[in-house]
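Q: After the structure tokens below, expect a handful of questions from me.
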Amino acid sequence: MAHAAENTHDIRHDWTVAEVEQLLNLPFNDLLFRAQTIHRQYFDPNAVQVSTLLSIKTGACPEDCAYCPQSARYDTKLEKEKLMEVEAVIEKAKAAKAAGSDRFCMGAAWRSPREKDMPYVIAMVKGVKELGLETCMTLGMLDNQKADALAEAGLDYYNHNLDTSPEYYGEIITTRTYSDRLNTLANVRNAGMKVCSGGILGMGETHRDRAGLLVQLANLPAHPDSVPINQLVKVAGTPLENEGDLDPLDFIRTIAAARIMMPKSHVRLSAGREEMSEEMQAMCFFAGANSIFYGECLLTTPNPAANKDQALFRKLGINSNHRVTQAPQELDEILVQPAAATADSELFYNASAV
């Protein structure tokens with residue numbers, strides 16, 4: 001709930017890269033003060049939205065995203081998995097809700113979902129919504145028809161990241177264009193779903209590229225409802241495995257700029273939190289981040305255990321009124337069970353082909 005009346009002049013769609021570069025270069029304290037001031041106009045400063053992300057189909061993706069261990073082009077020792085059956089997904093959603101999540105996100109390693117997969121993902125959406133959870137999916141590119149079908153099923157959010165600036169994009173991905181990504185976001189928005197879109201920091205991009213990414217997001221016809229800001233998780237076997245470490249202060253600056261530019265959006269700390277200290281996360285929350293993913297595994301990369309997040313929240317006085325009905329360890333135990341171990345059971349069907 002906002003603590004002050006909304007200022008409509010804060011909502012802009014005409015940012016320039018030069019302007020955002022100046023914003024990112026402000027003295028650190030000035031930047032964070034400005035971000036925190038705007039944050040308090042639109043959100044409870046001590047509330048963080050909690051989501052859980054589950055990989056419903058892992059590996060064998062035909063794309064060449066340089067950061068991604070799920071690409072079939074790289075030898076990352078990741079086992080291909082079949083698409084999970086609906087009942088298995090619902091059980092994991094129940095555990096996520098019991099551990100304190102209020103949104104359940106489902107991701108599949110596809111270029112785009114096939115027609116034969118749609119009845120299954122639609123059933124997942126309906127089943128998770130029946131539990132009283134918000135729903136989110138990331139399935140790759142969507143055309144108008146598939147976006148409409150997911151919206152009709154009741155999907156609340158669709159995630160499709162821009163990853164980086166248009167200028168740097170070709171250094172990271174060649175198998176789909178920037179326009180492809182923007183078209184999917186338009187199809188999602190036109191279908192009436194909420195847009196979840198952000199990017200990844202630490203892939204060798206420049207400060208100008210970070211500004212360019214934020215400009216692309218903030219200048220969309222409507223700001224994304226959720227803006228995940230990821231820190232690169234360097235995975236052996238991917239082209240970015242030896243990329244240099246990102247300066248934590250640069251990451252925090254980007255969070256603050258995202259908050260200033262997209263005041264009404266939830267800004268999410270996403271991949272890479274396992275590498276962040278409690279102090280860095282606390283600074284990110286002060287800079288305007290107000291959403292996280294919960295649970296030990298974020299698709300295929302490590303994420304802080306749910307009990308660690310609960311402990312940090314207690315230290316910071318975040319979500320003090322949030323009721324958890326089950327020990328958070330339950331979520332970690334259930335979500336990190338290797339799906340491949342039961343891939344031949346009745347809980348899966350063979351959708352490993354892309």
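Q: So which helices (runs of 4 or more DSSP H) stay within the range 144-225 end to end and still have 3 or more residues that are of a type outside the set (Phe, Trp, Tyr) and in contact (Cβ under 8 Å) with a residue 24 or more places away in the chain?
A: It comes to 144-153, 178-190, 207-218.
Q: Kindly list, by first and then second residue, each pair from a residue in the range 270-291 that is at negative phi to a residue that is crowded, with 22+ Cβ neighbours inside 10 Å and part of a helix (DSSP H, G or I), limited to pairs with Cβ atoms under 6 Å and residues at least 6 apart or on different chains.
A: Final answer for the pair search is Met283/Ile252; Cys284/Ile252; Cys284/Ile255; Ala287/Ala35; Ala287/Ile252; Ala287/Ile255; Ala287/Ala256; Ala289/Ile255.
Q: Please work out if Leu312 is modelled with pLDDT of 90 or more and on the phi < 0 side of the Ramachandran plot.
A: So Leu312 fails the test.
Q: Which members of the range 158-192 meet the condition of being buried (at least 18 other Cβ atoms within 10 Å of the Cβ), farther than 16 Å from Thr138 by Cβ and hydroxyl-bearing (Ser, Thr, Tyr)?
A: Answer for the range 158-192, where residues must be buried (at least 18 other Cβ atoms within 10 Å of the Cβ), farther than 16 Å from Thr138 by Cβ and hydroxyl-bearing (Ser, Thr, Tyr): Thr164, Ser165, Tyr168, Tyr169.
Q: Quick check on Gly127: is it over 20 Å from Ser270 (Cβ atoms) and part of a helix (DSSP H, G or I)?
A: yes
Q: Can you run down the residue pairs with Cβ atoms below 6 Å, 6 or more apart or on separate chains, where the first is in the range 110-133 and closer than 20 Å to Ala99 by Cα and the partner is assigned to a loop (DSSP other than H, G, I, E, B)?
A: Val125/Gly154; Val125/Leu155; Lys129/Gly154
Q: When residues of the range 35-58 are filtered for being hydrophobic (A, V, I, L, M, F, W, C) and part of a strand (DSSP E or B), how many remain?
A: 4
Q: Let me ask something else about it. Considering every residue within the range 248-267, establish whether at least one is buried (at least 17 other Cβ atoms within 10 Å of the Cβ) and assigned to a strand (DSSP E or B).
A: Within the range 248-267 (the criterion being buried (at least 17 other Cβ atoms within 10 Å of the Cβ) and assigned to a strand (DSSP E or B)), the answer is yes, since at least one residue qualifies.
Q: OK, next. Does Ser165 satisfy being touching a Lys or Arg at 6+ places or on another chain (Cβ under 8 Å) and of a type in the set (S, T, N, Q)?
A: yes
Q: Is it fair to say Gly237 is at positive phi and either over 14 Å from the mean Cα position of the chain (by Cα) or part of a loop (DSSP other than H, G, I, E, B) (or both)?
A: Spelling it out, Gly237 is indeed at positive phi and either over 14 Å from the mean Cα position of the chain (by Cα) or part of a loop (DSSP other than H, G, I, E, B) (or both).
Q: So, in the range 225-239, of the ones that are in contact with a Lys or Arg (Cβ under 8 Å, 6 or more places away or on another chain) and crowded, with 21+ Cβ neighbours inside 10 Å, which residue ends up farthest from Arg268 (Cα to Cα)?
A: My answer is Gln231.
Q: Based on this model, can you work out whether Lys97 counts as modelled with pLDDT of 80 or more and of a type in the set (D, E, K, R)?
A: Judged against the criteria, Lys97 is a match.
The values are calculated or read from the model by the stated rules, or taken from the named source; none is laboratory data. In this text, all values refer to a predicted model and were calculated from it rather than measured experimentally. Positions of Cβ are backbone-derived with ideal geometry, glycine not excepted, and every protein chain shown enters the neighbour counts.
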